[in-house]
1. Report every pair of residues separated by at least 6 positions or lying on different chains whose Cβ atoms are under 8 Å apart, first residue within region 88-114 and under 19 Å from V71 (Cα atoms), second aromatic (F, W, Y) and at pLDDT below 95.
2. For P216, indicate whether it is at pLDDT 95 or above and part of a loop (DSSP other than H, G, I, E, B).
3. Please find, within region 69-101, the residue that is surrounded by the fewest Cβ atoms within 10 Å (Cβ to Cβ) out of those that are within 20 Å of G195 (Cα to Cα) and polar (S, T, N, Q).
4. Within region 52-81, how many residues turn out to be touching a helix residue (DSSP H, G or I) at 6+ places or on another chain (Cβ under 6 Å) and assigned to a loop (DSSP other than H, G, I, E, B)?
5. Looking for whichever is on the phi < 0 side of the Ramachandran plot and modelled with pLDDT under 95 here; the options are P153, P134. Which one fits?
6. Restricting to region 41-64, count the residues that are within 22 Å of Y127 (Cα to Cα) and in contact with an Asp or Glu (Cβ under 6 Å, 6 or more places away or on another chain).
Amino acid sequence: MNTAWKCFLGMAALAACTQTGAVGRLVDLKVYDRTSQQELPVYRYDGRYYVAGQPGHRYQIQLHSLEGRRVLGVLSVDGVNVLSGDTADWSQTGYVLDPFAATEIRGWRKSLSEVADFVFADASRSYASRTGRPDNVGVIGMAVFRPRPLPMPMPVRPLPQESSSAPLDQMRYAPATPAPLAKALSSESGPIGTGHGPRETSVVSYTDFERASSTPDDVITLYYDTRERLVAQGVIPSSERTPPSRPDPFPGHFVPDPR
C-alpha cells in the first residue's frame, strides 16, 4: 500500500580504473570538497564508484535531478540517514527535488534551519563509529523514488446517501536529534569516515511526497577513502599519485640582477 510521507524539500563493471563523471541514472550525485573548493573526481573500478577525500576537509553532496517530475532521495552517509541519524533504510524520509533541480547537502540535519557539517575524519572518529555503527563507514548512498502517478479524472457520479470517503492517511516525520559528537578532523594512514562538524545555517521545509513503489527506482552507491589508500588498492592509478614536494637545485637558467 502506498503511503504519503512528509519529506524534506531542499534548496556503477570495468576491470581497469577509469575516471568518470557524476553518478546516478535519475539523479546526478557528486561530492564537492569545500575546503579545497573543487569537485572530487569519481573513479570507476571493478564496477564500483570511488572518490578520494582529504582528512580534515569539509565536503558537501551535490544533487542534480535528471527527471522532469519531482523525485525523492533517501540519502545516507556511512550507513546513517543524514536527516534523522537513524541506521539508514529505504523506507525512511529524504530530500525532495523539483524537476531538473539542483541542491547541496552540506551536513547532518539538526533542525529545519541547521546542519552539522560533513567532514572527512578518521574512521574511528566518524559519526557512525562514535554512535556504535562502524560497519558501513566509507560509503555514500541514495535511494531514489519516483512519485505515484496522479489518478486520471473520473466522471462525476452521484454517490449513495450512505456512502462516505475517508482522507488518505499520512505519516508525519519528526526529525530526531542525534547524540552530540565531538569534532574529529584528522587521520594518519587508516580509512576515513564522515565526522560531525560545526553547525551552519541550512533551511528546508516539509513537503508531501507519495512514492510510486516501496522499492527504489534507482540506488546510488559511492565509496570513499583517502587517496593513498585508493592508490594502494588500485582504484586510482599510481601515475596519479600526488608527488611529494622537493626543493629544486636548478629552478632558473641565468643569473638575474640583484634588486
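The values are calculated or read from the model by the stated rules, or taken from the named source; none is laboratory data. It should be emphasised that the depicted structure is a prediction, and the values quoted were computed from it without experimental measurement. Don't worry about glycine lacking a Cβ; one is built from the backbone with ideal geometry, like all the others, and counts go over all protein chains shown.
1. So the pair list comes out as T93/W5; T93/F8; T93/Y173; G94/F8; Y95/F8; V96/F8.
2. Details: at pLDDT 95 or above: yes; part of a loop (DSSP other than H, G, I, E, B): yes.
Spelling it out, P216 is indeed at pLDDT 95 or above and part of a loop (DSSP other than H, G, I, E, B).
3. Ranking the qualifying residues of region 69-101, first place goes to T87.
4. Keep residues of region 52-81 that are touching a helix residue (DSSP H, G or I) at 6+ places or on another chain (Cβ under 6 Å), which gives 52, 78-80.
Now narrow it down to the ones that are assigned to a loop (DSSP other than H, G, I, E, B): 78-79.
Of the residues in region 52-81, 2 are touching a helix residue (DSSP H, G or I) at 6+ places or on another chain (Cβ under 6 Å) and assigned to a loop (DSSP other than H, G, I, E, B).
5. Numbers: P134 fails: modelled with pLDDT under 95.
None of the other options fit; the residue is P153.
6. Selection size over region 41-64: 5.
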